[in-house]
């Protein structure tokens, strides 16, 4: 059975470097995608990603498991993202070069799938910042409404409303396919 | 937990590329985490377990050392003073048998006196000690000077012995007040209360030892400058 995140973070706080490695490998992809889809360039995403984890390392002495580790982690990520948006505003993530999923060897269907995914990506990109963040926190990080509210410094009602709007817009974009 | 997911939206989102951070970034972050773990910060909470005794034990050791050093310094300051008072001038050495009171020699060899004997405290040491003595300690020396000017050699030795026993005031009470005037003068110098000192000065007046009484009165006024002497007592202690 895997050790819970909170236990690993406490072990790292007490000097166990291996606990942090486990924790990092467990969350690195989700955190990176959350950041990548909120900023313009991959380089900026990498920079923010590194800053987020450095903040985690620096804040280890203050960590107390009052909530899920994930909530604490994405609160730090949210603050870094807000700083970034304040500096330069939000831009789209370039998804054009990414390969679409699917095993179909048919070039026509591949092209259709690629276009559908591009439209979805555009719809995600077109979401207001708060709605997109709520969607990513829910879908990518697996946070609940209450945890999204805690991570973004808002109330549960606002978090739920943002998420509903985001899902509704993305669903509408899919229905146009 | 309220799940606001839409299956189709979630599925399409999962079809987006699964980006990962570069390996170099992983290596850098993990290296930083290991460095931070090796250099732990100071604890923000008080120490527990065995370590919680360190501070009280260290504080107790410091206090004990400070008290011991203070006592040792006080004792070192007292020794030359007493050895100086005990030192006998050359003329006193000529008549040791007549001058020494019988109860003094074996009676109470206090530790400072023994220490002074071992150090061979002579008149030269006595003079040096008088010069080095602080004002509070020099009160005994002033009384001793008064004796040297007007008292006998035996009385000088007596005063020296009495001054040596300054830590034992009850010894004064054992002395007969009708003895030598110098003894009374020594008792004045050693008197624990102003009233007792005045009584002894009055006793000197009654015995007609006005010079000694004057010196004792002067000594009294030095020791108790703010003491208000009653009119009745003033008649007894002032020169008629």
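The values are calculated or read from the model by the stated rules, or taken from the named source; none is laboratory data. Quantities reported herein were computed from a predicted structural model and do not represent experimental measurements. Every residue, glycine among them, receives a Cβ derived from its backbone with ideal geometry; neighbour counts consider all protein chains shown.
Here are the numbers for this structure:
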| item | result |
| --- | --- |
| Residue ID - surrounded by the fewest Cβ atoms within 10 Å (Cβ to Cβ), chosen from residues in segment A:147-161 that are in contact (Cβ under 8 Å) with a residue 12 or more places away in the chain and facing another protein chain (nearest Cβ under 10 Å) | A:160 |
| Subset of segment A:1-24 that is part of a helix (DSSP H, G or I) and within 8 Å of chain B (Cβ to nearest Cβ) - its residue that is nearest to residue A:61 (Cα to Cα) | A:12 |
| Complete set of residues in segment A:112-133 that are at the interface with chain B (Cβ under 9 Å from one of its Cβ atoms) and surrounded by 20 or more Cβ atoms within 10 Å (Cβ to Cβ) | A:117, A:120, A:121, A:124 |
| Residue match in segment B:11-34 (condition: at pLDDT below 90, within 60 Å of the chain's Cα centre (by Cα), at the interface with chain A (Cβ under 7 Å from one of its Cβ atoms) and surrounded by fewer than 14 Cβ atoms within 10 Å (Cβ to Cβ)) | no |
| Selected residue (criterion: farthest from the other protein chains (Cβ to nearest Cβ)) from residues of segment A:27-54 that are exposed (fewer than 15 other Cβ atoms within 10 Å of the Cβ) and part of a helix (DSSP H, G or I) | A:43 |
| Residue in segment B:178-190 that is loosely packed, with under 15 Cβ neighbours inside 10 Å, farther than 26 Å from residue B:75 by Cβ and modelled with pLDDT under 85 present | yes |
| Flag for residue A:144 being within 21 Å of residue A:32 (Cα to Cα) and at pLDDT 85 or above | yes |
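A quick yes/no check of all residues on (1) modelled with pLDDT under 80; (2) in contact with a helix residue (DSSP H, G or I) (Cβ under 6 Å, 6 or more places away or on another chain):
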| residue | (1), (2) |
| --- | --- |
| A:75 | no, yes |
| A:78 | no, yes |
| A:83 | no, no |
| A:89 | yes, no |
| A:94 | yes, no |
| A:101 | yes, yes |
| A:107 | yes, no |
| A:120 | no, yes |
